[in-house]
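Colleague: If you scroll down you'll find the structure; I have some questions about it.
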Amino acid sequence: MTPRSGLGRRAVGRTQVLVAVVAVSVSALLGAAPAGSAAPGGGGGAELKSGAGLAPATPPTGAPDLGPNAYVFDPSMPVAQIQATVDAVAAQQLTNQFGEERYALLFKPGTYGTSQQPLNFQVGYYTEVAGLGRDPGDVVINGSVNVYNQCDAGSCIALNNFWRSLSNLTIRVTNPTAGCHTGEFWAVSQAAPMRRVHVDGFVTLMDYCSGPSFASGGFIADSKFTGGTIVNGSQQQFYVRSSDLDGWSNSVWNQVFSGDLGAPQECFGCAPNTYYTTFSTTPLTREKPYLYVTDSGQWRVFVPSPKRDARGTSWATGSTPGTSLPLSDFYIAHPGDSVSTINNQLSRGRHLLLTPGVYDVPHTIDVKRADSVVLGLGLATLTAQRGAVALSVADVPGVDLAGFTVDAGPVSSPVLVRIGKAHGRNHRDDGGNPTALQDVFFRIGGPHAGRAEVSLEVNSSNVLLDDLWVWRADHGAGVGWTENTATIGVVVNGDDVSATGLFVEHYQGYQVVWNGDRGSVIFFQSEMPYDVPSQAAWRSSPTTDGYAAFKVAPDVTTFDGAGMGTYTFFNQGIDIFAEHAYEVPTRPGVHLHDLLTIFLDPSNGKGGIRHVVNDTGGSSTIANPDVPVIVVDYP
């Protein structure tokens, strides 16, 4: 995903009109100023200059050493002191898309801000904002925690608002002097999850205060909204699961809901400009582990239990079920720690907490014990070096990997993260205790040159993939067809693997190859590579142009996929075609529901997709730009 032509790489026709309509309707609803008439609010964060001084964090009395970039706030601190710190972090990180700085802003149980002095701030790149309570109601912010458009040369978009997170707290929206930006603004795209959050007040997922206001994809889970209709606006795709909604304004291309109270009814192309995929429950969930502080001041990590057929939040009728682990059971790693030290601690039975920063990984971090937890703070980043597999998990049940990013290095790795043995399975998995990956993000290029054959390989059975963005970079450093080389984003070989929120983009072959039986995917967002140099360089067989975004192997007997969108934007000025967006065996046990393809931006792109799934469904080309071509059910 990247801006192009001074605008965004998303639709500039129907979406642009929609942005204007939503902006006017919201302004009328709130009595706010017209879009673009007010400077961004946010407690002064927008006025701070880049490079504002940041003093290293020092652990409060009794707190663990979480590194110099983990700020722990206490409700006894003056609001002005907290405001100065969060604004300084935002000033540095709002435009720091490929920097090495990582931050965690952690709030101990209590209330922050008041109606007279609210706490309003922005969240930039590589910044985690999280409450340290056992439940979301234990930390309350009177104010707002915002993500706005980024503006360049008069074009303001949210298409590149990646790599940040908000979790485990309550926001009582209080920013009445913010002009057009009054409310809770969370205008994000991929890799920017909101989890375990209760927002009481107006919420918008687009920043309609400046144009063209494009946004492209997000993830919300286990959250509650009590301020009225959520404005989706220009979000072309979004996935919300296991949450409690108070209304949803509109769809653009692919909005998916599973296990949500108050979700829109299923309507995928049944009305103009309406593409909702809705399930009453989420078949399998395992919420992300989180750091918290007990009433007696003990630091612990809570690991939620898996749940079948989830509906609404995990904390609706009391605390989330699960297991509480003392922080003393974790090795608290810091950038510069050797992999040998980390592996030694894991082999002794300790879990792993990655404090904010970038970790070079010249040989594999091995997770060998069942029920191990690897938890990142501040989107900590593992960078593969010397062609290493950055992280490997043995074929054991119940492992939880959460909250970190994995970057390829300049020497090609065969795989960046491997779950289970590469060849064969020893069937030590457990359907009642699945291994889970939550908010794990992969990059091939972007911050630096990077190469890998495959980003994620899942060999174990009973694995849950929950909010993954697997990205071969289309912008940044080390980007080009022969530079950031990567063949496949995700390979699934295990059985009974499920994905809830799978974003995979720009790989040079298939984006996803699914070889396991009884797999399922709810919400898939994908783009084919932009930079294909010729059709001859991009054929999956001598007679088949291009590669499908999602391929289910011919011998798979059972698979279910729903809410799946694939886009093309071939930007080399020549016609490039993919024969199919999805390739699956045609048999009774394989079922796809609510599929779409889209040809993006006719001013630059060429070629397109000839069929949606196998040889079913029409083409998306310059003849029908920015218009979903859909198949509701296959077969």
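The values are calculated or read from the model by the stated rules, or taken from the named source; none is laboratory data. Source: prediction; values computed, not measured. We place every Cβ from the backbone using ideal geometry, glycine too, and count neighbours over all the protein chains shown.
Colleague: Answer yes or no: is there a residue in the range 208-215 that is under 22 Å from the mean Cα position of the chain (by Cα), touching a residue at least 24 places away in the same chain (Cβ under 8 Å), closer than 24 Å to P118 by Cβ and in a loop (DSSP other than H, G, I, E, B).
Modeller: yes
Colleague: Could we say that S296 is out of contact with any Gly (no Cβ under 8 Å at 6 or more places or on another chain) and within 20 Å of G431 (Cβ to Cβ) here?
Modeller: For S296, the condition - out of contact with any Gly (no Cβ under 8 Å at 6 or more places or on another chain) and within 20 Å of G431 (Cβ to Cβ) - is not met.
Colleague: Under 9 Å by Cβ, and 6 or more places apart or on different chains, what pairs join a residue from the range 268-295 that is basic (K, R) and surrounded by 17 or more Cβ atoms within 10 Å (Cβ to Cβ) with one that is modelled with pLDDT of 95 or more and outside any strand (DSSP E or B)?
Modeller: Listed by first residue and then by second, the contacts come to R286/S305; R286/P306; R286/P434; K288/P193; K288/D222.
Colleague: Output the residue which, of all residues in the range 146-188 that are part of a strand (DSSP E or B) and without any contact (Cβ under 8 Å) to a residue 40 or more places away in the chain, is surrounded by the most Cβ atoms within 10 Å (Cβ to Cβ).
Modeller: I171
Colleague: Just one of (1) touching a Gly at 6+ places or on another chain (Cβ under 9 Å); (2) buried (at least 24 other Cβ atoms within 10 Å of the Cβ) trips up L261, so point out which.
Modeller: It fails just one condition, (2).
Colleague: So H198 fits all but one of (1) surrounded by 24 or more Cβ atoms within 10 Å (Cβ to Cβ); (2) assigned to a strand (DSSP E or B); what number is the exception?
Modeller: (1)
Colleague: Hey, can you tell me all the residues within the range 612-635 that are in contact with a Pro (Cβ under 7 Å, 6 or more places away or on another chain) and among the hydrophobic types (A, V, I, L, M, F, W, C)?
Modeller: The answer is I622, and nothing else.
Colleague: Quick one: which residue in T405, T482 is closer than 29 Å to G99 by Cβ and without any contact (Cβ under 8 Å) to a residue 24 or more places away in the chain?
Modeller: Every option except T482 fails the conditions.
Colleague: Got a number for residues in the range 370-392 being crowded, with 23+ Cβ neighbours inside 10 Å and either at pLDDT below 95 or part of a loop (DSSP other than H, G, I, E, B) (or both)?
Modeller: 6
Colleague: Turning to a different aspect of this structure: Do we find that S534 is of a type in the set (G, A, S), out of contact with any Asp or Glu (no Cβ under 6 Å at 6 or more places or on another chain) and under 22 Å from P625 (Cα atoms) in this structure?
Modeller: yes
Colleague: Could you please let me know if G563 is at positive phi and either of a type in the set (S, T, N, Q) or surrounded by 22 or more Cβ atoms within 10 Å (Cβ to Cβ) (or both)?
Modeller: yes
Colleague: Moving to a separate point now. Just need a number here: residues in the range 396-425 that are charged (D, E, K, R) and modelled with pLDDT under 95.
Modeller: Residues flagged as charged (D, E, K, R) and modelled with pLDDT under 95 within the range 396-425 amount to 2.
Colleague: How many residues, within the range 554-588, are more than 25 Å from G269 (Cβ to Cβ), free of Cβ contacts under 8 Å to residues at least 40 places away in the same chain and in contact with a Lys or Arg (Cβ under 9 Å, 6 or more places away or on another chain)?
Modeller: 1
Colleague: Continuing with this model, one more query. I'd like the full set of residues that are surrounded by fewer than 21 Cβ atoms within 10 Å (Cβ to Cβ) and within 15 Å of S455 (Cβ to Cβ), limited to the range 393-413.
Modeller: S412
Colleague: Any idea how many residues of the range 336-350 are within 16 Å of D65 (Cα to Cα) and either in the same structural domain as L377 (by TED's automatic domain parsing) or surrounded by fewer than 16 Cβ atoms within 10 Å (Cβ to Cβ) (or both)?
Modeller: Qualifying residue count, the range 336-350: 1.
Colleague: Looking for whichever is among the hydrophobic types (A, V, I, L, M, F, W, C), closer than 15 Å to P434 by Cβ and crowded, with 24+ Cβ neighbours inside 10 Å here; the options are V504, V463. Which one fits?
Modeller: The conditions single out V463.
Colleague: Among (1) charged (D, E, K, R); (2) under 19 Å from L382 (Cβ atoms); (3) within 19 Å of the chain's Cα centre (by Cα), there is one condition E453 misses while meeting the rest; what is its number?
Modeller: (3)
Colleague: Next up: Which condition breaks for T95 when tested against (1) part of a loop (DSSP other than H, G, I, E, B); (2) more than 26 Å from P136 (Cα to Cα); (3) at pLDDT below 85?
Modeller: Every listed condition holds for T95 apart from (3).
Colleague: Restricted to the range 623-635, and to residues that are in a loop (DSSP other than H, G, I, E, B) and surrounded by 15 or more Cβ atoms within 10 Å (Cβ to Cβ), which residue is farthest from the chain's Cα centre (by Cα)?
Modeller: N624
Colleague: Those residues that are in contact with a strand residue (DSSP E or B) (Cβ under 8 Å, 6 or more places away or on another chain) and within 19 Å of V173 (Cα to Cα), I need them from the range 70-89; list them, please.
Modeller: P75, V79, I82, Q83, V86, D87
Colleague: Just checking, how many residues over the range 232-250 are at pLDDT 95 or above and over 19 Å from the mean Cα position of the chain (by Cα)?
Modeller: Number satisfying all stated conditions: 6.
Colleague: So is D601 surrounded by fewer than 24 Cβ atoms within 10 Å (Cβ to Cβ), acidic (D, E) and more than 21 Å from F279 (Cα to Cα) or not?
Modeller: yes
Colleague: Taking strands (runs of 3 or more DSSP E) that do not extend beyond the range 242-340, which have at least 2 residues that are farther than 15 Å from D135 by Cα?
Modeller: 254-258, 275-279, 282-285, 307-310, 322-326, 330-333
Colleague: Name the single residue, out of those in the range 439-458 being in contact with a Gly (Cβ under 8 Å, 6 or more places away or on another chain) and of a type in the set (A, V, I, L, M, F, W, C), that is surrounded by the most Cβ atoms within 10 Å (Cβ to Cβ).
Modeller: Among those that are in contact with a Gly (Cβ under 8 Å, 6 or more places away or on another chain) and of a type in the set (A, V, I, L, M, F, W, C), it is I444.
Colleague: Out of V252, V303, V231, I need the residue that is within 20 Å of L600 (Cβ to Cβ) and hydrophobic (A, V, I, L, M, F, W, C). Which one?
Modeller: Within the list V252, V303, V231, the selection yields V252.
Colleague: Would the range 109-121 turn up any residue that is touching an Asp or Glu at 6+ places or on another chain (Cβ under 9 Å), outside the structural domain of F404 (by TED's automatic domain parsing), touching a residue at least 12 places away in the same chain (Cβ under 8 Å) and crowded, with 22+ Cβ neighbours inside 10 Å?
Modeller: Among the residues of the range 109-121, at least one is touching an Asp or Glu at 6+ places or on another chain (Cβ under 9 Å), outside the structural domain of F404 (by TED's automatic domain parsing), touching a residue at least 12 places away in the same chain (Cβ under 8 Å) and crowded, with 22+ Cβ neighbours inside 10 Å, which makes the answer yes.
Colleague: Could you give every pair whose Cβ atoms fall below 6 Å, whose first residue belongs to the range 514-533 and is outside the structural domain of E266 (by TED's automatic domain parsing), and whose second residue is assigned to a loop (DSSP other than H, G, I, E, B) and aliphatic (A, V, I, L, M), counting only separations of at least 6 or pairs across chains?
Modeller: From residues that are outside the structural domain of E266 (by TED's automatic domain parsing), the pairs are N515/A553; G516/V497; D517/V556; G519/V497; S526/A549; V532/I576.
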